[in-house]
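**Q** Can you keep this structure in mind? I'll have questions shortly.
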Ligand SMILES: [Mg+2]
């Protein structure tokens, strides 16, 4: 990462981000065989080793915690926390997530299928009018 000394809390999705998208309805039987995205484990473990906090934040149901933890263990990915129950977007009227918080640094990235380095770019974002 660019700012080597800056540590952050990474909130990282699982299905479609760490491994092939597996809907809740099929996750009990398909999680353990879901293909892990190339470089996902290496990327997360590097951030973990740098001292960042790794929180997996998933819309999986609570009843899928055991198989989800087993999958993460099988992958040998290091993390600090697994948060289940993120509001679901699939099959809803909602287009996505919009995170608002009073902490000093908020960043968000849409995972587009490749775990590569994070770089700084000038981009257009939604922000409050008074900022
Ligand atoms: Mg997902």
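**Q** Would you pick out the residues in segment 87-122 that are touching a residue at least 60 places away in the same chain (Cβ under 8 Å) and either in contact with a strand residue (DSSP E or B) (Cβ under 8 Å, 6 or more places away or on another chain) or farther than 22 Å from residue 43 by Cβ (or both)?
**A** Taking segment 87-122 first, the residues touching a residue at least 60 places away in the same chain (Cβ under 8 Å) are 88, 90, 105, 107, 111, 113-120.
If the condition is that a residue be touching a residue at least 60 places away in the same chain (Cβ under 8 Å) and either in contact with a strand residue (DSSP E or B) (Cβ under 8 Å, 6 or more places away or on another chain) or farther than 22 Å from residue 43 by Cβ (or both), then 88, 90 are the ones that fit.
**Q** Hey, another quick one. Of everything in segment 5-19, what is out of contact with any strand residue (DSSP E or B) (no Cβ under 8 Å at 6 or more places or on another chain), near the ligand (Cβ under 10 Å from one of its atoms), without any contact (Cβ under 8 Å) to a residue 60 or more places away in the chain and in a loop (DSSP other than H, G, I, E, B)? Give them in sequence order. Even if it seems obvious, please write down each step before you answer.
**A** Here is the first cut: in segment 5-19, the residues out of contact with any strand residue (DSSP E or B) (no Cβ under 8 Å at 6 or more places or on another chain) are 5-6, 15-17.
Restricting the remaining residues to those that are near the ligand (Cβ under 10 Å from one of its atoms) gives 15-17.
If we keep only those that are without any contact (Cβ under 8 Å) to a residue 60 or more places away in the chain as well, we get 15.
Within segment 5-19, none qualify.
**Q** Mind listing whichever residues of segment 40-82 are more than 20 Å from residue 21 (Cα to Cα) and over 14 Å from the mean Cα position of the chain (by Cα)?
**A** Matches in segment 40-82: 46, 49, 50, 51.
**Q** To continue, here is another question. Taking residue 83, is it within 15 Å of the ligand (Cβ to nearest atom), in contact with a helix residue (DSSP H, G or I) (Cβ under 8 Å, 6 or more places away or on another chain) and within 30 Å of residue 103 (Cβ to Cβ)?
**A** In short, no.
**Q** Select from segment 44-66 the residues that are within 16 Å of the ligand (Cβ to nearest atom) and part of a helix (DSSP H, G or I) and write down the one among them that is farthest from residue 12 (Cα to Cα).
**A** 64
**Q** Can you name every residue in segment 20-43 that is assigned to a helix (DSSP H, G or I), within 15 Å of the ligand (Cβ to nearest atom) and within 18 Å of residue 118 (Cα to Cα)?
**A** First, the residues of segment 20-43 that are assigned to a helix (DSSP H, G or I): 24-30, 40-43.
Now narrow it down to the ones that are within 15 Å of the ligand (Cβ to nearest atom): 24-27, 30, 40.
Matches in segment 20-43: 40 only.
All of the numbers you see were taken from the coordinates with simple rules; none came from a lab. The structure displayed is predicted, hence computed values, not measured ones. Counting neighbours? That spans all protein chains shown, and the Cβs are built from the backbone with ideal geometry, glycine included.
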